[in-house]
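K.L.:
Encoded as structure tokens, here's the structure I'll be asking about.
The values are calculated or read from the model by the stated rules, or taken from the named source; none is laboratory data. From a predicted model like this one, the values you see are computed outputs, not experimental measurements. Cβ coordinates were reconstructed from backbone atoms using ideal geometry, including for glycine residues, and neighbour counts include every protein chain displayed. All accessible areas refer to the heavy atoms of the entire protein, side chains included, with ligands and DNA or RNA removed. Shrake-Rupley method; radii C 1.70, N 1.55, O 1.52, S 1.80 Å.
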Amino acid sequence: MKCALCGIASGAIPAPGPAPLARGPFLVHAKLEPGAHAGWLLVVPRRHVEQVAELTDEEARGLGPLLRETAAALRAETGAAKTYVACFAEVVPHLHFHVIARAGDAPEDARGPRAFLAAAPEPADEAARAALAARVLARLQPADSRFRPLLLSGLLWPGAGQVVAGRRRFGGALAIAAAVVCVLLIRALVAETLLRMPTDPVFFDDFGSIVALSQRLAAEIRPALAPYLWTLLGLWLAGCVEAAVRIVREPR
Ligand SMILES: [Zn+2]
């Protein structure tokens, strides 16, 4: 049986309205058909699952924040009095969560579960529905920077990007390991420097002597520090490569 939501996830079927927004293992896009409310989005796992109980730990962790962000973006864009979140996956068995904006003046027969039974307004204004979905997805866009983990792990601290992206076990291990190596590096630097520091004050008499001493110390100490520096480089690379692989594996 052909699954429409798998088709949208693979790109074989165009999504209604704007291109879906990818967020980790999920996509966010407009409802397939016009509904009783104009602001109506779907949060859909990329892979074909039919039950909430079948979600992986990673999917389960990502779901709550994504539903909250989608509801908040929808509410901010529409000024809705209520945002509904519902999941049945009966007509389309591929698991999907409806996120619906209910306006303050919505008719009684389109509120609560009746939203699923009420007819869409006639005539359907597909252009307006698509434009609204596009604005909501645009609001979600900044938080969905796929490059943020790479930038944070590459420029701030090894593992920082993974921690921010919710991959706390891997990111935390990298960050702690990098911190431990830094402490060991500083300790070795101080110990090696003190060991080689001349006690004769003549070395500190003029600027030229100090420069020469610094160069000699740097050359002598470098081999002792190299293992720590290589380890730090390895941790940094591990964070960058993991983040880069995620970008490639999770294309928009
Ligand atoms: Zn499917």
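K.L.:
For the chain, which longest stretch is free of loop sites, where a loop site is one of the GluC sites (Glu not before Pro) that DSSP puts outside H, G, I, E and B and that has at most 15 other Cβ atoms within 10 Å?
P.N.:
Looking at the chain, 91-252 is the longest stretch - no exposed GluC sites (Glu not before Pro) with at most 15 other Cβ atoms within 10 Å.
K.L.:
Starting from the Cα gyration tensor of region 4-144, take the square roots of the eigenvalues, sort them a ≥ b ≥ c, and report rounded, prolate or oblate (rounded when a/c is under 1.5, otherwise prolate if a/b is larger than b/c, else oblate).
P.N.:
Rounded.
K.L.:
Next question, about the same structure. For Cα pairs less than 8 Å apart in space and 6+ apart in sequence, what is the mean separation divided by the residue count of the chain, i.e. the relative contact order in percent?
P.N.:
It comes to 18 percent, rounded to a whole number.
K.L.:
Go ahead and estimate [θ] at 222 nm for the chain from helices alone: -39,500 (n - 2.57) per DSSP H run with n ≥ 4, summed, over the residue count, rounded to 500.
P.N.:
Theoretical 222 nm ellipticity from helices: -17000 deg cm²/dmol.
K.L.:
Just Asp105, Asp206, Asp57 to compare: in a GNM of the chain, with alpha carbon springs under 10 Å, which one fluctuates most?
P.N.:
Asp206
K.L.:
For Ser209, Ser214, Ser153, give the ranking by accessible area with the largest first, probe 1.4 Å.
P.N.:
Ser214, Ser209, Ser153
K.L.:
Let me ask something else about it. How high is the relative contact order of region 149-249, in percent, counting Cα pairs under 8 Å that sit 6 or more residues apart?
P.N.:
Relative contact order, region 149-249: 38 percent.
K.L.:
Treating the beta-carbon of each Lys and Arg as +1 and of each Asp and Glu as -1, no other charges, what is the dipole magnitude of the chain about its Cα centre, to the nearest 20 debye?
P.N.:
The calculation lands at about 140 debye.
K.L.:
Expressed as a whole percentage, what fraction of the accessible surface of the chain belongs to carbon and sulfur atoms when a 1.4 Å probe is rolled over the protein heavy atoms?
P.N.:
On the chain, the fraction of accessible area on carbon and sulfur atoms equals 64 percent.
K.L.:
Now for a different question. Calculate the dipole size of region 4-144 relative to its Cα centre from +1 charges on Lys and Arg beta carbons and -1 charges on Asp and Glu beta carbons; express the result in debye to the nearest 20.
P.N.:
My answer is approximately 320 debye.
K.L.:
Ratio to report: Rg/Rh of region 149-249, with Cα atoms as the point set and Rh obtained by the Kirkwood method; give two decimals.
P.N.:
1.20
K.L.:
With just the Cα atoms of region 117-195, tell me how far they stretch along each of the three principal axes, in Å, largest first.
P.N.:
Principal-axis extents of region 117-195 (Cα, largest first): 85, 23, 10 Å.
K.L.:
Over the chain, with the other protein chains present, what is the accessible area per residue in square angstrom, probe 1.4 angstrom?
P.N.:
About 57 Å² of surface per residue is accessible.
K.L.:
Given a 10 angstrom Cα cut-off, can you work out which residue in Ile210, Ile186, Ile176 is the most mobile in a GNM of the chain?
P.N.:
Comparing Ile210, Ile186, Ile176 in the GNM, the peak value goes to Ile210.
K.L.:
Choose one of Ala15, Leu74, Ala106: the residue whose Cα lies farthest towards the positive end of the charge dipole of the chain (beta-carbon charges +1 Lys, Arg; -1 Asp, Glu; about the Cα centre).
P.N.:
Positive-end residue among those listed: Ala15.
K.L.:
Just to confirm the filter: which chymotrypsin sites (Phe, Trp or Tyr not before Pro) across region 84-193 are DSSP coil and have at most 15 other Cβ within 10 angstrom of their Cβ?
P.N.:
Of the chymotrypsin sites (Phe, Trp or Tyr not before Pro), the ones in loops of region 84-193 whose Cβ has at most 15 other Cβ atoms within 10 Å are Phe88, Phe147.
K.L.:
Using a Gaussian network model of the chain with C-alpha springs under 10 Å, which one of Ala218, Ala119, Ala38 is most mobile by mean-square fluctuation?
P.N.:
Taking springs between Cα atoms under 10 Å, the residue moving most is Ala218.
K.L.:
Still on this structure, please answer the following. Note down the net charge around Ala119, summing +1 for each Lys or Arg and -1 for each Asp or Glu among other residues with Cβ under 12 Å from its Cβ.
P.N.:
Neighbour charge sum, excluding Ala119 itself: -2.
K.L.:
How big is D for the chain, in µm² s⁻¹ as a whole number, if Stokes-Einstein is applied with the Kirkwood radius of its Cα pairs at 20 °C and 1.002 mPa s?
P.N.:
Answer from the Stokes-Einstein relation: 98 µm²/s.
K.L.:
Going by a 4.7 Å Cβ-Cβ cut-off, which cysteines of the chain have no partner at all?
P.N.:
Cys87, Cys182, Cys240
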